[in-house]
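Derivation of every value follows stated rules applied to the coordinates shown; laboratory data play no part. Predicted model only: the values in this text are computed from it and were never measured. Note: ideal-geometry Cβ built from the backbone for every residue, glycine included; neighbour counts use all protein chains shown.
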Amino acid sequence: MTPELEILIEDAYRVFGGYQLAGDTLTVCHCNVCMTPETERELIDTPLREIPSQLLAEYTNSAHDWDDGPVAREMRYFLPRYFELIAEYDPPDTIGLDICLRRIGRGGWRAKWPEHEEDIIDRFLDTFLIASLSRLDLVLWPIGWRLGFDLADVLTMIVTAGGNLDRALSAWDGAADPATAIHMAALRGDVLTLNGRPCFDNPFLEDHREEADRIGAFLMRDEVDRRLEAAFFAVPDPRLQQILSDAMVR
């Protein structure tokens, strides 16, 4: 975790520190495929900073209902731990990073929560995206070398959480190359042309076509081509050069 994320997460614990769980139950589903009473008790009894990802994932996937009173306060109690686990790339969701904050997106926090809470969420999403640009580990696929970390997961999380996509894309655009350009190159393979315009193809964005269009347009700009070319000559690793070169062919 970067120092910037560490500071921001401590700020989140402070901002949301006034929220506590009320009573001996959570607003969760207890059907056969959701949370058992024993898991609910374990989650309530575990100190917030010690909740493991797998246990919090039980809440993520069992908390279906929403209201702007007790449920919103409950979610805000857990939110700093969500941020901390996400920053450790151990997202509390059985599906993964993409939609682990979808519940606050559905809750409409931006229109309803206090400004200082809105600010800490936006800053976390921006800071996590920038931190993720340093992840340039490579894996060998049958079609060649590819990045081991998919920045699409971060973008879909921002969208499904109700984050400010334009703000996040601006932060990404302003980050330093060659890492920034390498991740842009890696995601160009997910851009399709639909109705004459570029669209970012991601199953988690099927209900967010406007945002998918904006991501596609962002990645296919002419200035991105110039960044990819400059990054190609700046990196010594031929595997990264191949990713950049493949993205320039369109």
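Nearest 500 deg cm²/dmol is fine: what mean residue ellipticity at 222 nm does the chain get from its DSSP H runs of n ≥ 4 alone, each adding -39,500 (n - 2.57), divided by its residue count?
Values: 13 runs with 139 residues, N = 250.
Theoretical 222 nm ellipticity from helices: -16500 deg cm²/dmol.
Calculate the length of the line joining the C-alpha centroid of segment 20-54 to that of segment 126-169, in whole Å.
30 Å
At 7 Å along Cα-to-Cβ for each site, give me the label-to-label distance between Ser170 and Arg197 in nm.
Roughly 2.0 nm, to one decimal.
Determine, for each peptide in 138-148, 119-129, the mean count of other beta carbons within 10 angstrom over its residues, then list the peptides with the highest first. Can you show the working numbers first?
Working: 138-148: 11.6, 119-129: 20.5.
The most tightly packed comes first, giving 119-129, 138-148.
Which one of Leu79, Leu194, Leu48 has the biggest mean-square fluctuation once the chain is modelled by GNM with Cα springs under 10 Å?
Among Leu79, Leu194, Leu48, the largest mean-square fluctuation in the Gaussian network model of the chain belongs to Leu194.
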